[in-house]
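Data block below; observations after.
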Amino acid sequence: MNTLDQQMALEQAARMRIKDSHALDGDVGRLAHFYRGWASSYELDVGRDGYCGPMIVAELAGAIQTAYLARQRTAIAILDAGCGTGLVGVELERLGFRLIDGIDLSEEMAENARRTRVYRHVRGNVDLNGPLSDYSSASYDITVCCGVFTLGHVRPEGLRELARVTRPNGFIIASTRKSYVEATSFEDEVRRLQDAGVLVPAQRLNDGRYVAEEDAHYWVFQVLEKASAPTEERP
């Protein structure tokens, strides 16, 4: 096998692992097990697949801070929800942000994020499909969420908790793979939260670059005063 064939084989294997992760149906145990085995090769795999989501999300955070938040970037508190190995955190730090916390379901991925040394705190074993009970309401100026609202991972309802931990007039920046938006009720959830006065969509970049085989939408939501109230019971 020549070098080009080897490269193509590695790229195909990487895409298969990414595709396999989309079939896990948000099951906490299966996801944790999958990422435990993938943590050591994750960055190589997504790099081979042309993953540019972290850079785009971080650049959006920089633009939002410049346009809307008066404080310097060094004083802006950011939650990286679903931080993985820390790819978004590294990009945020490059842009001058310093108060970055990370959470992820996988302790192994979280440990890799800690090794980047760009985070204040990183916590593993955090399920974004459930309440973020260890995090107070209105704790962060910006919450970023990249590569998380994707098939087999976090349900659209997870957006409500991200709004809760974000300060009023703060922002959530999230990527959604196109296949995820088409297959889930994400846009319906956005409308529900907007109707409830929790958040408003401020910007949306449609069909932006994400990975080699699929584009994504990039959302910027502004959080309203009501978001910091306790979550209401769903009927």
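The values are calculated or read from the model by the stated rules, or taken from the named source; none is laboratory data. Computed from a prediction, not measured in an experiment: that's the story for all the values here. A quick note on method: Cβ atoms are made from the backbone with ideal geometry, for glycine too, and the neighbour counts reach across all protein chains shown. For accessibility, only protein heavy atoms count, side chains too; no ligands or nucleic acids. Shrake-Rupley method; radii C 1.70, N 1.55, O 1.52, S 1.80 Å.
Looking at region 126-135, is at least one residue closer than 23 Å to Val211 by Cα and either open to solvent by 40 Å² or more (accessible area, probe 1.4 Å) or in contact (Cβ under 8 Å) with a residue 24 or more places away in the chain (or both)?
Looking through region 126-135, at least one residue is closer than 23 Å to Val211 by Cα and either open to solvent by 40 Å² or more (accessible area, probe 1.4 Å) or in contact (Cβ under 8 Å) with a residue 24 or more places away in the chain (or both).
Okay, residues lined up against (1) modelled with pLDDT of 90 or more; (2) open to solvent by 80 Å² or more (accessible area, probe 1.4 Å); (3) part of a helix (DSSP H, G or I):
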residue	(1), (2), (3)
Met16	no, yes, yes
Asp20	no, no, yes
Leu44	yes, yes, yes
Gly47	yes, no, yes
Pro54	yes, no, yes
Gly62	yes, no, yes
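Applying the selection to region 149-173, what residues are of a type in the set (Lys, Arg) and assigned to a loop (DSSP other than H, G, I, E, B)?
If the condition is that a residue be of a type in the set (Lys, Arg) and assigned to a loop (DSSP other than H, G, I, E, B), then Arg155 is the only one that fits.
Restricting to region 149-190, and then to whatever is surrounded by fewer than 21 Cβ atoms within 10 Å (Cβ to Cβ) and of a type in the set (Lys, Arg), can you tell me which residue is farthest from Cys52 (Cα to Cα)?
Looking at the filtered set, the residue picked out is Arg167.
Which of (1) touching a residue at least 60 places away in the same chain (Cβ under 8 Å); (2) closer than 23 Å to Ala138 by Cα does Tyr210 not meet, given it meets every other one?
It is condition (2) that Tyr210 fails.
Which of the residues belonging to region 96-125 are part of a loop (DSSP other than H, G, I, E, B), of a type outside the set (Gly, Ala, Ser) and surrounded by 15 or more Cβ atoms within 10 Å (Cβ to Cβ)?
Phe97, Arg98, Asp104, Leu105, Thr116, Val118, Tyr119 - these are the residues of region 96-125 that are part of a loop (DSSP other than H, G, I, E, B), of a type outside the set (Gly, Ala, Ser) and surrounded by 15 or more Cβ atoms within 10 Å (Cβ to Cβ).
Just wondering, is there one or more residues in region 139-148 that are over 17 Å from Gly208 (Cβ atoms), open to solvent by 20 Å² or more (accessible area, probe 1.4 Å) and not in a strand (DSSP E or B)?
Looking through region 139-148, at least one residue is over 17 Å from Gly208 (Cβ atoms), open to solvent by 20 Å² or more (accessible area, probe 1.4 Å) and not in a strand (DSSP E or B).
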